[in-house]
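To start, the structure under review is shown below, and the notes come after it.
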Amino acid sequence: MAELFGYTACRQLLQMLVSIIFFHVSEYILALAIHGKSNVSLKSLLISKHYLLAMICSLIEYLTEVYFFPGLKEYWWISNLGLALVFLGEIIRKLAIVTAGRAFTHLIKVYHEEDHQLVTNGIYRFVRHPGYCGFFIWSIGTQIMLCNPLSTVGFAVVVWTFFSRRIPYEEFFLKQFFGSDYEEYMRKVPSGIPLVR
């Protein structure tokens, strides 16, 4: 029982808590700053039932492993690698939001609006979907940071599956909105999600 309240568990769980709070609060604040209060709801916090379930499973795995296999959580180089991935994912995602400005929304646009422009500068020069790329890295990083082997694999598979479906759906509309400009952009710049063209 002492392991549940030991240095390792307290440090890793605190890092996880701070990572989650910073991610969601900063998303909400950026949405408010870019889109205005009248266009933002609590959905901009990006917390869904599936997300909560994944985080609860992650916490259950962590507590089970720290109790029965405390040595599994003592690989600091792995935990620190996860923390670095959390930072990297945050930076990539927030650069995507700031660079795209009003063009960045949490919902896929299915109708072209007059002010909707194709963003290909900044981080978008290197990655077509840096917001998705950043979240992918961040979510897996949170589990590596906790030294959660099952949740690391689970998060990677679930998040990859989600984006492997979402990107083609979103790009269907982007090709309609921007035509050959977007098709050219697709040819030159990777999606940012492994194995998703």
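The values are calculated or read from the model by the stated rules, or taken from the named source; none is laboratory data. All of these numbers come straight from a predicted model, not from anything done at the bench. As a convention, Cβ positions derive from the backbone with ideal geometry for all residues, glycine included, and neighbour counts pool all protein chains shown. Only protein heavy atoms, including side chains, enter the accessible area calculation; ligands, DNA and RNA are left aside. Shrake-Rupley method; radii C 1.70, N 1.55, O 1.52, S 1.80 Å.
So, in the range 113-124, of the ones that are in a loop (DSSP other than H, G, I, E, B) and open to solvent by less than 50 Å² (accessible area, probe 1.4 Å), which residue ends up modelled with the highest pLDDT?
119
Can you tell me how many residues in the range 13-42 are in a loop (DSSP other than H, G, I, E, B) and surrounded by 17 or more Cβ atoms within 10 Å (Cβ to Cβ)?
So the answer is 1.
Only one of these is assigned to a loop (DSSP other than H, G, I, E, B) and either at pLDDT 95 or above or more than 30 Å from residue 70 (Cα to Cα) (or both): 196, 157, 153, 98. Name it. Explain how you work it out, then say what you get.
Working: 157 fails: assigned to a loop (DSSP other than H, G, I, E, B); 153 fails: assigned to a loop (DSSP other than H, G, I, E, B); 98 fails: assigned to a loop (DSSP other than H, G, I, E, B).
Matching residue, one of 196, 157, 153, 98: 196.
If you go through the range 58-76 one residue at a time, do you hit one that is among the aliphatic types (A, V, I, L, M), closer than 16 Å to residue 107 by Cβ and modelled with pLDDT under 95?
no
Which of (1) crowded, with 16+ Cβ neighbours inside 10 Å; (2) part of a helix (DSSP H, G or I) does residue 172 not meet, given it meets every other one?
So the condition that residue 172 fails would be (1).
Can you tell me which of 137, 108, 92 is within 23 Å of residue 29 (Cβ to Cβ) and assigned to a loop (DSSP other than H, G, I, E, B)?
108
Please go through the range 71-96 and pick out each residue that is out of contact with any Pro (no Cβ under 9 Å at 6 or more places or on another chain), more than 30 Å from residue 128 (Cα to Cα) and open to solvent by 40 Å² or more (accessible area, probe 1.4 Å).
71, 74, 75, 76, 77
Criterion first (under 18 Å from the mean Cα position of the chain (by Cα) and touching a residue at least 60 places away in the same chain (Cβ under 8 Å)) does residue 48 satisfy it?
no
Looking at the range 99-112, which of the residues that are more than 20 Å from residue 191 (Cβ to Cβ) and in contact with a Phe, Trp or Tyr (Cβ under 9 Å, 6 or more places away or on another chain) is least open to solvent (accessible area, probe 1.4 Å)? Step through it out loud before you land on a result.
So in the range 99-112, the residues more than 20 Å from residue 191 (Cβ to Cβ) come out as 101-102, 111-112.
Retained after the next criterion (residues that are in contact with a Phe, Trp or Tyr (Cβ under 9 Å, 6 or more places away or on another chain)): 111-112.
Values: 111: 172, 112: 92 Å².
Across the range 99-112, the extreme among qualifying residues is 112.
Checking the structure you have, find out if any residue of the range 44-55 is out of contact with any Ser or Thr (no Cβ under 8 Å at 6 or more places or on another chain), over 18 Å from residue 137 (Cα atoms) and of a type in the set (D, E, K, R).
Within the range 44-55, one or more residues are out of contact with any Ser or Thr (no Cβ under 8 Å at 6 or more places or on another chain), over 18 Å from residue 137 (Cα atoms) and of a type in the set (D, E, K, R).
Hey, can you tell me all the residues within the range 141-169 that are of a type in the set (S, T, N, Q) and exposed (fewer than 14 other Cβ atoms within 10 Å of the Cβ)? Spell out the reasoning first.
Taking the range 141-169 first, the residues of a type in the set (S, T, N, Q) are 142-143, 148, 151-152, 161, 164.
Result: 161, single match.
Say we look at the range 1-10 and pick out the residues that are open to solvent by 60 Å² or more (accessible area, probe 1.4 Å) and assigned to a helix (DSSP H, G or I); which of these is modelled with the lowest pLDDT?
2
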